[in-house]
Amino acid sequence: MKPTVFLFLAILTTSTWAQTPSASMPSASKEVDAVYSDAHTLYIDLHQNPELSSHETQTATKLAKQLRGLGYAVTEHVGGTGIVALLKNGAGPVIMLRTELDALPVEEKTGLPYASKVHAQDDSGHDVSVMHACGHDVHIASLVATAAIMAHTKDTWHGTLMLIGQPAEETISGAPKMIADGLFTRFPKPAFGVALHVANDFPAGKVGIVAGTYDANADSLRITIYGRGGHGSAPHTTVDPVVLAAKIILSLQTIVSREVKPGEMAVVTVGYVQAGTKNNIISDHAELGLSVRSYKAEVRKQVLAAITRITNAEAVAAGSPKEPLIERTGGTDSVYNDPALEQRLRGPLESALGKDNVVSDEPITASEDYSYFIAQGIPSLYFDLGGADPEKYAAAKAAGENLPSNHSPFFAPDAEPAIRTGIAAEVAVLRNLLQ
């Protein structure tokens, strides 16, 4: 490790910002101070102007402009609105840092002075509110500030830094589209990858890391069940798909409680039910939308098979005139953190943030498409960034309550300490890997 890196770590561990009085909780470095104002300005702009998945045109343009201004070679429109930015600095490894670009169809209710008021048309033509309810605005702002520090301190690292602005993470489609568009053939293939995600699971100022399985396998299913329509006053002449849907929904809940081995993680959620047009008309079909989560491949296979078996059996029992149509509309494998990489990067994170601020985490039940990058043979560390206001976090814990989660209309990270921590963490791990 070069002497300048030791100097950087020394600055991080002797500066004076802290969440609470603690010798083991160092402050942000002067480097982070120098870039934070611009990062915060970008964060406010992104938060006020969110864009839906696969429609992140302005977000991508802003990111590309910022990175070009820092001297990165930027390629736009990779896999849609994706961005690839390269900064070459002599011989050495290629290291990838990724951020997401998209927001969610959620009406913001945080009450923040910079809350989003944006409306847009979704892919079905519906007018929807749009909000950065998952914190991708924090991720983008942190990445740009990290890019600035790395560009201005090229004497502290060598190799090639590869920055990815990925679209459509929320629809689990952006990563595979970028790969299909030649992400790792048109551009150099990274030796390692890094990404983070802000959440209210930790106070701002902390990060959580886990070796091995980080999140869950995800499968999205659409189930169409068929009945025999008729007049609501004469149900005996029909096969009611609404009643059949209700029976299927209740029966599906027994998969986790009665079929999956206790202690194994599985989730079966019916997120929507659509049927009928009027109160006195029995429809001829109904549609269910399912989200299925698991950690292990064998549990995933078991749960999906059980969904098919139960759905078909209930349809037969109800006298349905046609076998249900079960379609997998999307999904992704779990994100797997390379254990050796986790062990390697824990030290730099502890040096940068303070040992007490690097928490050993547990796998989460959410999912995302970073796993597509890992499947291309890129060992990675995907870690959690604390986003909760420390006082609100402590009060919620004391009351046995939870703060608003990602995707909530009330999700509002404590932006300044979260972004500062994100920058310091990203710089620390990149400098370690680019040696």
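Listed here are the residues, each with its yes/no results for (1) surrounded by 15 or more Cβ atoms within 10 Å (Cβ to Cβ); (2) within 20 Å of Phe187 (Cα to Cα); (3) touching a Ser or Thr at 6+ places or on another chain (Cβ under 7 Å).
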{"residue": "His40", "(1), (2), (3)": "yes, no, no"}
{"residue": "Glu56", "(1), (2), (3)": "yes, no, yes"}
{"residue": "Lys62", "(1), (2), (3)": "yes, no, no"}
{"residue": "Arg68", "(1), (2), (3)": "no, yes, no"}
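Screening Lys397 against (1) over 28 Å from Ala218 (Cβ atoms); (2) touching a residue at least 40 places away in the same chain (Cβ under 8 Å) leaves a single unmet condition, (2).
Residues are listed down the side, and each one gets a yes or a no for (1) farther than 21 Å from Arg68 by Cβ; (2) in contact (Cβ under 8 Å) with a residue 40 or more places away in the chain:
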| residue | (1), (2) |
| --- | --- |
| Tyr114 | yes, yes |
| Gln121 | yes, no |
| Ala141 | no, yes |
| Ala148 | no, yes |
| Ala168 | yes, yes |
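With respect to the conditions (1) farther than 18 Å from Leu97 by Cα; (2) in contact (Cβ under 8 Å) with a residue 40 or more places away in the chain; (3) not hydroxyl-bearing (Ser, Thr, Tyr), Glu368 lacks only one, and its number is (1).
Determine which member of the set Ala318, Ala275 is without any contact (Cβ under 8 Å) to a residue 40 or more places away in the chain and within 19 Å of Leu250 (Cα to Cα). First the steps, then the outcome.
Values: Ala318 fails: without any contact (Cβ under 8 Å) to a residue 40 or more places away in the chain.
Being without any contact (Cβ under 8 Å) to a residue 40 or more places away in the chain and within 19 Å of Leu250 (Cα to Cα) holds for just one of Ala318, Ala275, which is Ala275.
Each residue in the stretch 348-365 was checked for being surrounded by fewer than 17 Cβ atoms within 10 Å (Cβ to Cβ) and more than 20 Å from Thr213 (Cα to Cα), and 2 of them qualify.
For the stretch 66-80, the tally of residues that are in contact with a helix residue (DSSP H, G or I) (Cβ under 7 Å, 6 or more places away or on another chain) and free of Cβ contacts under 8 Å to residues at least 40 places away in the same chain stands at 2.
For Pro188, state whether it is on the phi < 0 side of the Ramachandran plot, modelled with pLDDT of 95 or more and in contact with a Phe, Trp or Tyr (Cβ under 8 Å, 6 or more places away or on another chain). Spell out how you get there, then give the answer.
On the way: on the phi < 0 side of the Ramachandran plot: yes; modelled with pLDDT of 95 or more: yes; in contact with a Phe, Trp or Tyr (Cβ under 8 Å, 6 or more places away or on another chain): no.
No; evaluated as a whole, the condition is false for this residue.
Taking every residue in the stretch 410-425 that is assigned by TED's automatic domain parsing to the domain that holds Val198 and pairing it with any residue that is among the polar types (S, T, N, Q), at least 6 positions away or on another chain, the pairs with Cβ-Cβ distances below 6 Å are Phe410/Thr110; Ala412/Thr110; Ile419/Ser142; Gly422/Ser142; Ile423/Ser142; Ile423/Thr146.
Confirm whether Gly205 is over 30 Å from Gly319 (Cβ atoms), assigned to a loop (DSSP other than H, G, I, E, B) and in the same structural domain as Leu341 (by TED's automatic domain parsing). Taking the combined requirement at face value, the residue satisfies it.
Which of the residues spanning the stretch 297-312 are free of Cβ contacts under 8 Å to residues at least 12 places away in the same chain and small (Gly, Ala, Ser)?
The answer is Ala305, and nothing else.
Tally up the residues in the stretch 390-405 that are touching a strand residue (DSSP E or B) at 6+ places or on another chain (Cβ under 9 Å), outside any helix (DSSP H, G or I) and either surrounded by 19 or more Cβ atoms within 10 Å (Cβ to Cβ) or at positive phi (or both), please. So the count comes out to 1.
Within the stretch 376-389, does at least one residue satisfy the condition of being assigned to a helix (DSSP H, G or I), in the same structural domain as Ser142 (by TED's automatic domain parsing) and at pLDDT 95 or above? Lay out the reasoning, then the answer.
Of all residues in the stretch 376-389, those assigned to a helix (DSSP H, G or I) come to none.
No - not one qualifying residue is present in the stretch 376-389.
Leu52 satisfies every condition listed in (1) in contact (Cβ under 8 Å) with a residue 60 or more places away in the chain; (2) among the aliphatic types (A, V, I, L, M); (3) closer than 30 Å to Leu341 by Cα except (3).
Can you find, within the stretch 202-229, the residue that is surrounded by the most Cβ atoms within 10 Å (Cβ to Cβ) among those that are closer than 14 Å to Ser320 by Cα and small (Gly, Ala, Ser)? Out of the qualifying residues, it is Gly227. Where strands (runs of 3 or more DSSP E) fall wholly inside the stretch 88-132, the ranges with 3 or more residues that are out of contact with any Phe, Trp or Tyr (no Cβ under 7 Å at 6 or more places or on another chain) and either modelled with pLDDT under 95 or within 27 Å of His152 (Cβ to Cβ) (or both) are 94-100.
If I go through the stretch 225-234 residue by residue, how many of them are farther than 24 Å from Thr308 by Cα and either among the basic types (Lys, Arg) or touching a helix residue (DSSP H, G or I) at 6+ places or on another chain (Cβ under 6 Å) (or both)?
Quick first cut of the stretch 225-234, residues farther than 24 Å from Thr308 by Cα only: 230-234.
Checking which are either among the basic types (Lys, Arg) or touching a helix residue (DSSP H, G or I) at 6+ places or on another chain (Cβ under 6 Å) (or both) leaves us with 230.
Total meeting the criteria: 1.
Would you call Arg300 crowded, with 19+ Cβ neighbours inside 10 Å and among the charged types (D, E, K, R)? In short, yes.
The values are calculated or read from the model by the stated rules, or taken from the named source; none is laboratory data. None of these values were measured; they are calculated from a predicted model. Don't worry about glycine lacking a Cβ; one is built from the backbone with ideal geometry, like all the others, and counts go over all protein chains shown.
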